[in-house]
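The values are calculated or read from the model by the stated rules, or taken from the named source; none is laboratory data. Just so it is clear, the model here is predicted, and its values are computed rather than measured. No Cβ is skipped: glycine too gets one built from the backbone with ideal geometry, and neighbour counts run over all protein chains shown.
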Amino acid sequence: MNTNSKTEYISNDIFKSYEPLVISVKEACHLLGIGNTTLYALIKSKNLSVVRIGRRTLVTVASIKSLIETSNVIINGSETKVNNR
């Protein structure tokens, strides 16, 4: 086994401190402390951005950070409003 290979170097160094760009719907719900229905309401109202890869819906981490930093979101039934600070 060649321990000096370029592939091994990349896998050991680049991925040590990476931050994901997208997370699953389940992870986003857990991170935000909300349920699926509320998360999908935020997606539908364009308060969260998603990427679809095959059958998977992945929520962008940037949109979660933006939501938390800049908005106070109020969800009433099917209506979602964003109150900017």
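Quick look at the values:
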item: Contacts under 7 angstrom Cβ, first residue in segment 17-36 being without any contact (Cβ under 8 Å) to a residue 60 or more places away in the chain, partner among the aromatic types (Phe, Trp, Tyr) and surrounded by 11 or more Cβ atoms within 10 Å (Cβ to Cβ), 6 or more apart; result: none
item: Selection within segment 44-69 - within 13 Å of Ser24 (Cα to Cα) and among the aliphatic types (A, V, I, L, M); result: Leu48, Val50, Val51, Ile53, Leu58, Val59, Val61, Ile64
item: Within segment 50-67, tally of residues that are touching a residue at least 12 places away in the same chain (Cβ under 8 Å) and more than 8 Å from the chain's Cα centre (by Cα); result: 4
item: Qualifying strands (runs of 3 or more DSSP E) (wholly inside the chain; at least 2 residues being in contact with a Leu (Cβ under 7 Å, 6 or more places away or on another chain), modelled with pLDDT under 95 and of a type in the set (Phe, Trp, Tyr)); result: none
